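Report on one structure; see the data block that follows.
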Amino acid sequence: MAEIKKGILGGFSGKVGTVIGVNWRGKDIIRSLPKASKKAPTEEQLIQRVKFRKTIDFLQPLRSIQNRYFGNKAGKQSRFNNATSYTLTNAVEMVQDLPVIIVARVLITKGELLDFQLPELDATTAGTFNLSWEDNSGQGNAKETDLVNVVCYCEELNSFYISEEIATRDMIVASINLPTPYQNKEIDVWIYLNTEKRTQASTSTYLGKHEVL
């Protein structure tokens, strides 16, 4: 591996012949292409690949949310990468040789904004839930204008339904209307808050499994 000193052409990114150009920690680096390994992957490596693919497939519908509100961006590591790493480490297990997402351990967002106080979710009419909570505006960094978000996941449909910014923290109640395919099915529900300027969010709260009327 060698560093490219800035000249008339500067550095480059990508593959040229048998070398690769990358920018690493602000430096332009060139390195040779790695030799293809003739060694078969170990069982542990195969398991990790399967778990990784399962994690990516599960989180893909949440990418835009997690790229805004999951931890802090570090260098070229995106927030979605942080969410992927967290989920892979904490919420994926092998069951009968298959990767399984342990939904209750999943975080949708991870941040420093003050969370909901005493949230409750109740089914009302067909496809409709009421979310209620206590107004804790003024405590810590919580503001009345913080926005309420709800994420629902139906394992049977392998589908997320996301309701973003449907109320403010001081409203203490919000209604979630699910599409017809979700009726008479079980869903997992998370909630989180973000600031009015969309610069910060709370760590998501998992509200458990609920039957949709």
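The values are calculated or read from the model by the stated rules, or taken from the named source; none is laboratory data. Predicted model, so just to flag it, every value in this text is computed and none were measured. Reconstructed Cβ throughout: ideal geometry from the backbone, glycine too, with neighbour counts over all protein chains shown. All accessible areas refer to the heavy atoms of the entire protein, side chains included, with ligands and DNA or RNA removed. Shrake-Rupley method; radii C 1.70, N 1.55, O 1.52, S 1.80 Å.
Details
- Of all residues making up the range 138-172, the number that are of a type outside the set (A, V, I, L, M, F, W, C), open to solvent by 40 Å² or more (accessible area, probe 1.4 Å) and more than 15 Å from the chain's Cα centre (by Cα): 12
- Options N81, N158; residue that is free of Cβ contacts under 8 Å to residues at least 24 places away in the same chain, assigned by the TED database to the domain that holds F52 and under 30 Å from K54 (Cβ atoms): N81
- Only residues that are part of a loop (DSSP other than H, G, I, E, B) and among the hydroxyl-bearing types (S, T, Y) were counted in the range 147-184, giving 0.
- Just one of the listed residues (L178, L107) is of a type outside the set (F, W, Y), touching a Ser or Thr at 6+ places or on another chain (Cβ under 9 Å), over 26 Å from N82 (Cα atoms) and in contact (Cβ under 8 Å) with a residue 24 or more places away in the chain, and it is L178.
- Test: residue in the range 76-97 that is assigned to a helix (DSSP H, G or I), open to solvent by 80 Å² or more (accessible area, probe 1.4 Å), of a type outside the set (D, E, K, R) and closer than 19 Å to T205 by Cα: yes
- Within the option set L107, L59, being aliphatic (A, V, I, L, M), part of a helix (DSSP H, G or I), within 14 Å of the chain's Cα centre (by Cα) and surrounded by 14 or more Cβ atoms within 10 Å (Cβ to Cβ) holds for one residue only, L59.
- Residue identified as in contact (Cβ under 8 Å) with a residue 24 or more places away in the chain, among the aliphatic types (A, V, I, L, M) and over 30 Å from I172 (Cβ atoms) among I101, I65: I101
- Total residues in the range 185-198, condition assigned to a strand (DSSP E or B) and open to solvent by 40 Å² or more (accessible area, probe 1.4 Å): 1
- Filter result (in contact with a helix residue (DSSP H, G or I) (Cβ under 7 Å, 6 or more places away or on another chain) and closer than 21 Å to W190 by Cβ) within the range 52-67: T55, I56, L59, R63, Q66, N67
- From the options A74, A83, A2, residue that is at pLDDT below 80 and in contact with a helix residue (DSSP H, G or I) (Cβ under 9 Å, 6 or more places away or on another chain): A74
- Test result for Y69, closer than 23 Å to L178 by Cβ and not aliphatic (A, V, I, L, M): yes
- Hits in the range 112-146 - residues which are over 12 Å from I172 (Cα atoms), part of a strand (DSSP E or B) and among the small types (G, A, S): A123
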